[in-house]
1. When only DSSP loop residues count, what trypsin sites (Lys or Arg not before Pro) in the range 32-62 have their Cβ near at most 13 other Cβ atoms within 10 Å?
2. Are there any chymotrypsin sites (Phe, Trp or Tyr not before Pro) in the chain that are in a DSSP loop and have at most 14 other Cβ atoms within 10 Å? List them by number.
3. Each residue of the range 40-47 in order: what ³J(HN,Hα) in whole Hz does its phi give by Karplus 6.51 cos²θ - 1.76 cosθ + 1.60, θ = phi - 60°, with x for Gly and Pro?
4. Working from Cα positions, state the angle (0 to 90°, nearest 10) between the long axis of helix 48-58 and the longest principal axis of the chain.
5. So what's the angle, to the nearest 10 degrees on a 0 to 90 scale, between helix 16-33 and the longest Cα principal axis of the chain?
6. In Å, what Rg and Dmax follow from the Cα atoms of the chain?
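Bear in mind these aren't lab numbers, they're just calculated from the coordinates by the rules spelled out. A quick note: this is a predicted structure, and the numbers were derived from the prediction, not measured. Positions of Cβ are backbone-derived with ideal geometry, glycine not excepted, and every protein chain shown enters the neighbour counts.
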Amino acid sequence: MIYPSIDKLLNIVDSKYKLVHIAARRSKEMTKTDYFQMPINKYVSTKNIGRALEEVAEGLITIKNIEP
């Protein structure tokens, strides 16, 4: 994976595991609803998992830290 950079994504999300979870959920949501937060031609990736990571990098997905 070249874009978005894993280093840039880990500055936004504090854990690789949380990043994978967020991207997988968003990717499934994109597949199910066919709703995208950016115009299709603005995405670099052609697959929904890459598009979900691009949305995280752009700040379109907010991550809430829930303390136990």
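1. Working: sites: Lys32, Lys42, Lys47, Arg51; in loops: Lys47.
When the trypsin sites (Lys or Arg not before Pro) of the range 32-62 are filtered for loop state and at most 13 Cβ neighbours within 10 Å, Lys47 remain.
2. Details: sites: Tyr17, Tyr35, Phe36, Tyr43; in loops: Tyr35, Phe36, Tyr43.
Sparse-neighbourhood loop chymotrypsin sites (Phe, Trp or Tyr not before Pro): Tyr35.
3. In residue order, the calculated couplings are 4, 6, 8, 6, 7, 7, 9, 9 Hz.
4. Value to nearest ten degrees: 60.
5. The helix 16-33 is inclined about 30 degrees to the chain.
6. 11.7, 40
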